[in-house]
Structure formats: structure tokens, C-alpha cells
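Bear in mind that the values in this text are calculations on the coordinates, not laboratory data. The model shown is predicted, which means the values in this text are computed figures rather than measured ones. As a convention, Cβ positions derive from the backbone with ideal geometry for all residues, glycine included, and neighbour counts pool all protein chains shown.
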Amino acid sequence: MKIVSSFQKTGDMRFISHLDLMRLFQRALRRADLPVTVTQGFSPHLKISIDRALKLGVESLDEALTVHVSKAVRPALFMELLNKNLPEGVRITKTEEME
């Protein structure tokens, strides 16, 4: 199961790189204790993706984040828990689950 979210990257967070943004979401997902699927193999990591990488210094109000979860999570609860663990300038604005 996947959860597709829209998020905003504004303010000082516009200076964060794509790789750092991925790390930011990985840490926030772990702190929120959400059931994110982990890849198999030599170097396991969380199965998440951001649709497109933004240039450094660019703000965005509608970016897509896809998170693979191992068990069902209500989209509203997912958004609430994740927003509590994200820094100012990065906000989840919408979530929906996909099969």
C-alpha cells in the first residue's frame, strides 16, 4: 500500500538540497513511528520517493511524496503525525492512500 502526499517547501527550507530533504522525511517518518516499508538487501532504507528534485533556493507549494507502508494508516492520522515531526517550512497539505 502507498500513501501519496502533497507537501510545501517554503521559507528558509528552500535552501535545503534534495538529498537533505529525503533525509529530513526519513527521520520525521521514524520519529512519527509510522509503519514504513523497508527495502531488502545489503543497505536497507525506507521506501519513499519525491517525484521531482527542486533546485536549491526554489520554494514550492505542491510537491508529491510517496511513502510505501507495511500496514494501513488513515491518511488524516499520517498527515497529523508527520506534520508534528517536520520542521517549520515543510508541511504536508494533503494525503491519500493508493493500492
Three principal axis lengths of the chain [C-alpha, angstrom, descending]: 35, 33, 23
Excluding exposed DSSP-loop trypsin sites (Lys or Arg not before Pro) (at most 14 other C-beta within 10 Å), longest clean stretch of the chain: 1-51
Residues of type lysines that LYS71 reaches as a straight line, Cα spacing below 16 Å, ignoring anything fewer than 8 places off in the same chain: LYS2, LYS47
Residue-averaged 222 nm ellipticity for the chain, from DSSP H runs of 4+ at -39500 (n - 2.57), nearest 500: -7500 deg cm²/dmol
